[in-house]
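Novice: Sending over a structure as structure tokens; questions will come in a sec.
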């Protein structure tokens with residue numbers, strides 16, 4: 001006979017059945033029965049955060065780096081509302097997450113009780129789905145459904161709101177964890193239509209200027225290996241969105257790097273001049289397309305996405321493929337192999353010729369205005385942030401997991417750290433959440449204890465969640481924090497330079513910045529301050545040295561406060577319209 | 001931009017309706033009319049709503065609604081493939097008894113039925129397509145003005161559209 005358990009124990013047992021390793025959470029009144037159940041077991045480790053927002057970002061970092069749903073536990077009221085920013089972040093970037101919130105007892109719901117918030121209502125616009133527990137006996141099946149919904153189809157966060165009375169230790173039910181999920185109205189697609197793949201393949205064979213445009217969906221589908229094979233076989237250039245970096249190796253000859261607002265010159269030019277765009281798990285975000293009316297004027301658009309609402313939402317697809325990217329790539333790769341094995345020598349010559357012509361154009365763009373990945377330090381000048389990222393790339397041999405916050409440092413990291421593996425680059429692309437970087441890195445480190453985890457941040461973003469330095473000490477997380485300190489809200493300042501006549505309204509605070517070295521030391525960690533380009537390599541070498549391997553090291557790099565991120569899309573322009581440098585940026589005001 | 005009719009079958013669960021309505025607000029779609037009730041299968045509810053959208057927007061609305069976990073199916077109905085009905089109840093007050101009789105007779109000639117008729121109050125019910133209901137209301141208004149420039153409909157309640165597919 002199955003054992004009888006209280007609601008709190010039913011919840012924890014169900015999480016164990018789901019294979020949960022960590023719960024990122026913070027206790028409080030409405031969640032205390034659950035916390036008592038956590039105390040009674042050893043299988044799942046609870047990570048005590050310092051703020052609920054950080055708990056959600058940790059779960060998010062864990063989820064994005066491992067592919068498994070992250071789990072958050074918060075109490076009702078402020079605990080729940082503090083989690084909202086992190087839930088919205090995960091929602092925008094399609095990260096699988098299950099957020100459990102305590103709720104006031106059922107008989108108090110609706111009475112404005114102490115620490116009462118309508119969590120299901122407040123979170124509704126930013127969750128994939130949510131549940132409100134009515135009785136303890138529903139808990140196992142709700143947990144099963146929540147994980148299924150969070151992790152399948154287009155992944156996303158799911159909230160389970162649990163009134164305190166349903167976890168009462170004195171009310172017990174048999175534990176019976178359902179093997180199958182019964183959700184007749186939830187039928188995520190995986191396979192698309194073969195005829196759409198046929199049309200896409202024919203368009204590809206006809207095309208002379210194709211570009212693969214890959215987004216975060218390509219990473220969650222796990223199609224990187226197949227994608228690399230496919231792109232290589234036909235020598236197709238690959239451009240990635242901010243979320244798609246790493247789906248195709250950035251150091252690969254065919255990688256054009258990132259596209260979009262701060263994308264590379266060659267990626268944006270190639271997109272604009274392409275005659276065929278194959279989009280994999282990307283959603284034609286406004287930061288990519290710029291003015292949709294001017295987007296890729298000559299291209300046939302093949303749009304592959306598991307979320308049919310993303311297809312043709314912004315740009316009408318000529319060939320719509322509602323399917324998982326891995327399914328599509330496998331199908332088209334098979335067709336492609338079949339075609340290549342029977343290709344007439346004349347046809348091959350013609351195809352290779354047109355491909356060479358396309359690549360010669362791309363190479364010319366790269367030559368003309370591509371990113372300089374071999375910047376040299378200029379002695380006596382402030383450190384350029386781009387140089388700092390390049391030095392970081394070398395110091396970590398390109399193998400670190402890198403999380404970032406939001407702003408200039410995020411764009412520099414995306415441009416200059418060549419991500420060769422999927423899931424290696426983790427940032428808040430959709431919502432653009434400052435304060436994401438450090439807690440996300442903590443979640444990544446939990447999921448990958450043996451790997452080097454770096455958080456590239458700026459002093460503005462870092463101060464939004466720096467209380468988690470304390471959590472890092474508690475759990476011995478040896479994260480390396482690279483703070484590109486420009487003593488300002490750099491991206492805001494850049495926009496003010498470019499569009500507001502250089503009026504720096506509320507974007508500077510240099511007189512009141514803390515001494516970060518002393519600050520992190522007070523939290524029990526190591527601080528290193530680097531000033532002057534000549535000290536960059538040696539400072540980073542120390543940060544990643546063997547004696548500091550098990551330590552959290554905060555590297556405060558004082559960078560050029562006046563630097564801008566380029567290229568930058570011209571407001572309301574086409575993808576081929578970019579500001580390439582400061583002189584042009586200020587002249588175009 | 002044209003009027004569009006959308007029929008949604010969803011799980012008959014607490015909160016399911018608010019997800020659909022919330023989605024419309026969140027994505028900046030509007031709802032002109034809305035009706036909800038359980039179906040022949042008590043575990044499923046039917047939402048019938050009308051909105052104003054062009055073809056591209058309609059496709060997007062249908063796909064976004066379909067993404068909701070509790071939505072079993074969603075369909076855009078329209079034109080000849082469906083039969084739609086809406087109910088309107090109108091009360092008229094401040095009319096003389098003679099005027100009231102005249103309005104009620106007129107309404108009945110338009111296939112409306114009279115629900116209440118007293119000295120000072122008349123309540124009329126009319127069932128038809130949305131377009132027919134609009135037309136009926138215009139006719140009643142015109143009739144009232146014809147009887148006396150001061151006469152008005154006192155209160156008007158519309159049910160929202162219910163629609164059924166024809167094949």
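Novice: Return yes when residue A:313 is surrounded by fewer than 23 Cβ atoms within 10 Å (Cβ to Cβ) and either under 24 Å from residue A:246 (Cβ atoms) or more than 14 Å from every other protein chain (Cβ to nearest Cβ) (or both) and no when it is not.
Specialist: no
Novice: Let me ask something else. Can we say residue B:159 is touching a helix residue (DSSP H, G or I) at 6+ places or on another chain (Cβ under 6 Å), part of a strand (DSSP E or B) and either touching a residue at least 12 places away in the same chain (Cβ under 8 Å) or not assigned by TED's automatic domain parsing to the domain that holds residue B:45 (or both)?
Specialist: no
Novice: Still on this structure, please answer the following. Going through segment A:407-427 one residue at a time, which ones are assigned to a loop (DSSP other than H, G, I, E, B) and more than 23 Å from residue A:87 (Cα to Cα)?
Specialist: Of everything in segment A:407-427, those that are assigned to a loop (DSSP other than H, G, I, E, B) and more than 23 Å from residue A:87 (Cα to Cα) turn out to be A:417, A:418, A:419, A:420, A:421.
Novice: Just to check your reading of the model, which residue among B:167, B:111, B:138 is assigned to a helix (DSSP H, G or I) and surrounded by fewer than 17 Cβ atoms within 10 Å (Cβ to Cβ)?
Specialist: Unique residue meeting the criteria: B:138.
Novice: Sticking with this structure for a sec: Can you find a residue in segment A:89-100 that is crowded, with 16+ Cβ neighbours inside 10 Å and more than 20 Å from the chain's Cα centre (by Cα)? Explain how you work it out, then say what you get.
Specialist: Of segment A:89-100, the ones crowded, with 16+ Cβ neighbours inside 10 Å are A:89-100.
Next, from what is left, pick out any that are more than 20 Å from the chain's Cα centre (by Cα): A:100.
Checked segment A:89-100: at least one residue is crowded, with 16+ Cβ neighbours inside 10 Å and more than 20 Å from the chain's Cα centre (by Cα).
Novice: Among the residues that make up segment B:50-60, is at least one of them away from chain A (no Cβ under 14 Å) and assigned to a helix (DSSP H, G or I)?
Specialist: No, there is no match, as no residue in segment B:50-60 is away from chain A (no Cβ under 14 Å) and assigned to a helix (DSSP H, G or I).
Novice: Could you check how many residues of segment A:519-541 are under 17 Å from residue A:484 (Cα atoms) and outside any loop (DSSP other than H, G, I, E, B)?
Specialist: Residues in segment A:519-541 being under 17 Å from residue A:484 (Cα atoms) and outside any loop (DSSP other than H, G, I, E, B): 16 in total.
Novice: Which strands (runs of 3 or more DSSP E) does segment A:32-135 wholly contain that include 1 or more residues that are touching a strand residue (DSSP E or B) at 6+ places or on another chain (Cβ under 7 Å), more than 14 Å from chain B (Cβ to nearest Cβ) and without any contact (Cβ under 8 Å) to a residue 24 or more places away in the chain? Break it down stepwise before answering.
Specialist: Numbers: elements: A:45-48, A:70-74, A:97-103, A:129-132.
Result: empty, no element qualifies.
Novice: Is it the case that residue A:333 is farther than 18 Å from residue A:155 by Cβ, surrounded by fewer than 20 Cβ atoms within 10 Å (Cβ to Cβ), in contact (Cβ under 8 Å) with a residue 12 or more places away in the chain and away from every other protein chain (no Cβ under 14 Å)? Lay out the reasoning, then the answer.
Specialist: Working: farther than 18 Å from residue A:155 by Cβ: yes; surrounded by fewer than 20 Cβ atoms within 10 Å (Cβ to Cβ): yes; in contact (Cβ under 8 Å) with a residue 12 or more places away in the chain: yes; away from every other protein chain (no Cβ under 14 Å): yes.
Here the answer is yes, as residue A:333 does meet what is asked.
Novice: Okay, moving on. Would you point out which residue out of B:106, B:126 is surrounded by 14 or more Cβ atoms within 10 Å (Cβ to Cβ), part of a strand (DSSP E or B) and touching a helix residue (DSSP H, G or I) at 6+ places or on another chain (Cβ under 8 Å)? Steps first, please.
Specialist: Numbers: B:106 fails: part of a strand (DSSP E or B).
Exactly one residue qualifies, and that residue is B:126.
Novice: Something else about it: What number goes with the only condition from (1) away from every other protein chain (no Cβ under 14 Å); (2) part of a strand (DSSP E or B); (3) surrounded by 12 or more Cβ atoms within 10 Å (Cβ to Cβ) that residue B:74 does not pass?
Specialist: Unmet for residue B:74, out of (1) away from every other protein chain (no Cβ under 14 Å); (2) part of a strand (DSSP E or B); (3) surrounded by 12 or more Cβ atoms within 10 Å (Cβ to Cβ): (1).
Novice: Looking only at helices (runs of 4 or more DSSP H) that lie completely in segment A:248-364, which have at least 1 residues being more than 26 Å from residue A:225 (Cα to Cα)? Explain how you work it out, then say what you get.
Specialist: Values: elements: A:265-273, A:286-289, A:325-341.
Fully inside segment A:248-364 and qualifying: A:265-273, A:286-289.
Novice: What are the residues in segment A:170-191 that are in a loop (DSSP other than H, G, I, E, B), touching a helix residue (DSSP H, G or I) at 6+ places or on another chain (Cβ under 9 Å) and within 24 Å of residue A:30 (Cβ to Cβ), if any?
Specialist: A:171, A:175 - these are the residues of segment A:170-191 that are in a loop (DSSP other than H, G, I, E, B), touching a helix residue (DSSP H, G or I) at 6+ places or on another chain (Cβ under 9 Å) and within 24 Å of residue A:30 (Cβ to Cβ).
Novice: Just checking, which of A:487, A:494, A:445, A:506 is in contact (Cβ under 8 Å) with a residue 24 or more places away in the chain and farther than 16 Å from residue A:385 by Cβ?
Specialist: Only one candidate qualifies: A:445.
Novice: Within the group B:143, B:98, which residue is surrounded by 13 or more Cβ atoms within 10 Å (Cβ to Cβ) and outside the structural domain of residue B:38 (by TED's automatic domain parsing)? Talk me through it step by step, then tell me what you get.
Specialist: Working: B:98 fails: surrounded by 13 or more Cβ atoms within 10 Å (Cβ to Cβ).
Exactly one residue qualifies, and that residue is B:143.
Novice: Please go through segment A:149-169 and give me each residue that is in a helix (DSSP H, G or I) and more than 10 Å from every other protein chain (Cβ to nearest Cβ), ordered by number.
Specialist: Within segment A:149-169, A:150, A:151, A:164, A:165, A:166, A:167 meet the criteria.
Novice: For segment B:1-25, which residues satisfy the criterion of being over 20 Å from residue A:186 (Cβ atoms) and within 12 Å of another protein chain (Cβ to nearest Cβ)? Please lay out each step first, then the result.
Specialist: Taking segment B:1-25 as the starting set, the residues that turn out to be over 20 Å from residue A:186 (Cβ atoms) are B:1-5, B:24-25.
Once the filter is applied, which keeps residues that are over 20 Å from residue A:186 (Cβ atoms) and within 12 Å of another protein chain (Cβ to nearest Cβ), segment B:1-25 yields B:24, B:25.
Novice: May I pose another question? Would you check which residues across segment A:187-213 are touching a residue at least 40 places away in the same chain (Cβ under 8 Å) and within 14 Å of chain B (Cβ to nearest Cβ) and list them?
Specialist: A:188, A:189
Novice: Further, regarding this structure: What number of residues in segment A:428-458 are in a helix (DSSP H, G or I) and in contact with a helix residue (DSSP H, G or I) (Cβ under 7 Å, 6 or more places away or on another chain)?
Specialist: Residues flagged as in a helix (DSSP H, G or I) and in contact with a helix residue (DSSP H, G or I) (Cβ under 7 Å, 6 or more places away or on another chain) within segment A:428-458 amount to 10.
The values are calculated or read from the model by the stated rules, or taken from the named source; none is laboratory data. Because the structure is a prediction, the values reported are computed rather than measured. Cβ coordinates were reconstructed from backbone atoms using ideal geometry, including for glycine residues, and neighbour counts include every protein chain displayed.
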